[in-house]
Amino acid sequence: MTLLQKQVKPTKLAPVKGFVIYEGPSALDGAPVVAIITLSSNNAKTGNMIQSWIMRADMLPTEAAKTGQDDSICGNCIHRHFNKGACYVNIGHAPLAIFKAYKRGAYPIYNDAIHSRYIVGRALRMGSYGDPAAIKHGVWSELLAHTASHTGYTHQINHIGFDPAFLSTCQVSADSPKQALKYQSMGAMTFRVAMAGDSLIKGEIQCKADTHGISCLDCKLCDGASQNVVIEVHGSRSKRFNTRLIETVGV
């Protein structure tokens, strides 16, 4: 080993928990929103992916959900808590804690030239809370240029402010087989929530977390380009999703 080789030391990344990737108007209604990425996760279903959190920038996420002002970040999703829906996110846990940390200044503003080394080669979950389409697609594109893989889901295909660019990077959420077929005909890969025992339609597979216990980090199919996926409804509010909803939801 040469003297030069002995002097070379591996570069260590400074301890950073996450970054603010966007602050500005919502692409859905123009209200102030913030998007934050956090760099580690102990979520067993997703695996240790970079998580992303889209929230109102001017109020607690719990307050936004209670008053319906979370439409700035969840748009017309029928599963919002305000709609008494089946959204599985416990807003009072991670979203609230991350919002409070943001207000304390815990997350620096992301600078691609400086901070991309924190995300290069990683997997990104677009929209751990909030809909990715609430912020400009270009914000995501900058991150996806460095990541090795990603997952993403949007409920906004029918929203007037929806950017079709998300069809190449996100699964479109569907709440019935009829919706799934419609969105697939529009060029989307769909992610459909279903009741236990519901049948798959042609071209769909069941989520591998359901069937094989495989994490999103290892599966990688929900990237908007690979596969139409169906998942069994889950979470503490899952009883709010029922066959009546599946039969009556609009397309």
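Data for the structure
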quantity	calculated
C-alpha long axis of helix 94-103 to longest principal axis of the chain, angle in °	50 degrees
Across 17/100; 84/202; 17/103, pairs whose alpha-carbon gap is larger than 21 Å	84/202
Globularity ratio of the chain, using Cα Rg and 2.2 N^0.38 Å	1.05
For the chain, calculated [θ]222 nm from helices alone, where every DSSP H run of n ≥ 4 adds -39500 (n - 2.57)	-5500 deg cm²/dmol
Per residue accessible area in Å² of the chain, where ligands, DNA and RNA are left out and the probe is 1.4 Å	49 Å²
Rounded to 5, the percent of DSSP beta bridges in the chain classed as antiparallel	40 percent
Peptides 219-228, 95-104, 150-159 ordered by average Cβ neighbours within 10 Å, highest first	150-159, 219-228, 95-104
For segment 94-116 and segment 146-171, distance of Cα centres in Å	22 Å
For the chain, size of Cβ-based charge dipole, Lys and Arg +1, Asp and Glu -1, in debye	720 debye
Cα convex hull volume per residue for segment 137-212 (Å³)	105 Å³
Carbon + sulfur, % of accessible area of the chain - ligands and nucleic acids excluded, 1.4 Å	55 percent
Under 12 Å, Cβ to Cβ, from residue 74 - net charge with Lys/Arg +1 and Asp/Glu -1	-2
Overall Cα dimensions of segment 46-120 - principal axes, largest extent first, Å	41, 27, 21
In segment 49-84, the trypsin sites (Lys or Arg not before Pro) that fall in loop regions by DSSP, at most 14 other Cβ within 10 Å	84
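The values are calculated or read from the model by the stated rules, or taken from the named source; none is laboratory data. Given the structure is predicted, the values throughout are model-derived calculations rather than measurements. FYI the Cβ positions are ideal-geometry reconstructions off the backbone, even for glycines, and counts take in every protein chain you see. Note: areas computed on protein heavy atoms with side chains; ligands, DNA, RNA excluded. Shrake-Rupley method; radii C 1.70, N 1.55, O 1.52, S 1.80 Å.
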